[in-house]
Each structure stands twice: as structure tokens, then as C-alpha cells.
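Notes for the one structure printed next.
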Amino acid sequence: MKRTRRTWVGATLLCLLAAAACRGTDDAVPRLNIEVLATHRHDLGAFTQGLEIDDDVLYESTGMVGFSGIRTTDRATGKELVRVALPPPFFGEGITLAGDTLWQITWKEGVAFARDPRTLAEKHRVNYPGEGWGLCTRDGRLVMSDGSAGLTFRDPVTFAPTGSVALTSHTGARLNELECAEDGSVYANSWPTDEILRIDPETGRVLAVVDAAGLLPATERAQTDVLNGIAQIPGTDHFLITGKYWPTVFEVRFVPA
């Protein structure tokens, strides 16, 4: 269904053949381009599923069975601080920091891990139904995607569902990695495209579509997987974005097309 180069190509062809059905776009939605402000090296072996920034620490979760895990990196030096593997059969997905807990979800296993943000040690785990894709924290609640065109809200302590919202346009979108931005909106990678949707989580309205195509040269992009991973740099309008097996993390600003 997702996450391999073969399925990415297949899904992309389907989108090209039936763009309206796959994307469900609204021509009135503003489109944004990307202004690249800086670039940083990225681990080519990282099948990136989530990015999170807390002060000077960058959290990154990775997927694929046998290669899933979480790492922390010093943003100033690029030095890796801690790394924890997620053993098979778990396929790691999105992460988010909620108070003194770092939540990590899994794709098909239906397990959310509550971790210590400093050591990344597991504190406990919670079961949930369905798939897990992206995760972020907003206004005292978790926001989760499951590969559909909807978002589920969860309690940050118990992980219990507290509500949901569906997109009012782009109804064919498959929301992946999430970032709860400081302006109250949620940014979501739209799998398997090079688009990032800016969403009002209260109404499900798509506020803008970010075109992230062309960040990597064609020769590099041919060796990578899809765009995935987005985190706002606190106190700024800058974001870090990257992709699965990408060689680069881009520091960017979203600007009118």
C-alpha cells in the first residue's frame, strides 16, 4: 500500500491518470512555493517518518521493519546524541513531544510508544485501531493521521481518541507526516506527492498547498523515496523538510507562488 519505491511509482501513475480523483483539489486554495534558506546533510539510510524540534534538539523517527527507530541530534553541531532501535515487527512512523512524553506511533501494528524525551527509553505503550502515519501536538491534544484525508485528535496522556475532522477539499489526499505549526494550522505531507497541505484542524479546510517539487536534482531524486518530514523551527517562519533516504534536510520558508 505504501512506502516502497515500487508503490510510490504506482501511486504516482494513478495520480497522473486520474488527478481529480486522486487529489480532489480546489482551484481557489492558495499555492505556495519554497524558498530554500539553508541545507544540512541527512543520513541516506534514514527512511524518515517524522521530524520534531525541541529547542536545540532535532528528533527524527525512521521506518522499515528492522531499520525503524528514533534518534536525537544537536541542531547546532549535527552530532547524534541518542539513538534507539524499534525491533521487528514494528514499522516506525510519526513522533511528537507532548509535555514530558515523546510519542511514537507504528504503521500497521497499532501500538503507540510513550518515551522519555531525553533517553528515548520506553515508559509504556498503548494500543490503537487502524494505521498510524503522522503525529503532532496542538493546544493540549495530539493530532494523528492514518493515511486518509482526515485527522484524529487524541489525549496527550492516555492516547485515547477525542475527536476527528475530515478535509473539506482534497478529499483524495493521503495525509502522512504532520507538523502542528505555531500559527495553529497543521502542515501535512500528502503521500506520495511533492505537496504539503496547510490545514485548519478545526474545520478541515485546506488553507494552502505548498509545492515542494524540484528540491533535489533529478539524479539524486531518482535514488530516493518520497518527500516526508516537516518541523517548524520554534519562534520563526522557517521549517525543516526532508524525505525518505534523502541526502539533504532543507531549511525553508513558504512563500506565495
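Here are a few things to note about the model shown:
- In the chain, taking the dipole from charged Cβ atoms about the Cα centre, the farthest positive-side position among Val57, Val206, Pro129 is held by Pro129.
- Given +1 at the Cβ of Lys and Arg, -1 at the Cβ of Asp and Glu and no other charges, the dipole of the chain around its Cα centre is 780 debye to the nearest 20.
- Kirkwood-based shape ratio for region 20-131, expressed as Rg/Rh from alpha carbons: 1.04
- Pairwise Cα inverse-distance average, inverted: Kirkwood Rh of region 208-257 (Å): 11.8
- Across region 98-184, Cα-Cα distances exceeding 22 Å account for 22% of all pairs.
- Estimated from helices alone, the mean residue ellipticity of the chain at 222 nm is -2000 deg cm²/dmol (sum of -39500 (n - 2.57) over DSSP H runs with n ≥ 4, per residue).
- Computed with the Debye formula from one identical point scatterer per Cα of region 108-238, without solvent, the log10 of I(q)/I(0) at q = 0.09, 0.13, 0.15, 0.20 Å⁻¹ comes to -0.28, -0.58, -0.76, -1.22.
- Shown for region 69-121 is the translational diffusion coefficient from the Stokes-Einstein equation, using the Kirkwood radius over Cα pairs, a temperature of 10 °C and a viscosity of 1.306 mPa s: 136 µm²/s.
- Calculated log₁₀ intensity ratio I(q)/I(0) where the Debye formula runs over C-alpha points of region 156-205, q = 0.13, 0.14, 0.15, 0.24 Å⁻¹: -0.33, -0.38, -0.43, -0.99
- Residues in the chain average 43 Å² of solvent-accessible surface per residue, probe 1.4 Å, ligands and nucleic acids excluded.
- Within the accessible area of the chain (1.4 Å probe), percent carbon and sulfur: 54
- Over the chain, the hull volume per residue, using the convex hull of the C-alpha atoms, is 118 Å³.
The values are calculated or read from the model by the stated rules, or taken from the named source; none is laboratory data. It should be emphasised that the depicted structure is a prediction, and the values quoted were computed from it without experimental measurement. Here Cβ is always computed from backbone atoms with ideal geometry, including for glycine, and neighbour counts include all displayed protein chains. Just the protein is used for accessible areas: all its heavy atoms, side chains included, with ligands, DNA and RNA removed. Shrake-Rupley method; radii C 1.70, N 1.55, O 1.52, S 1.80 Å.
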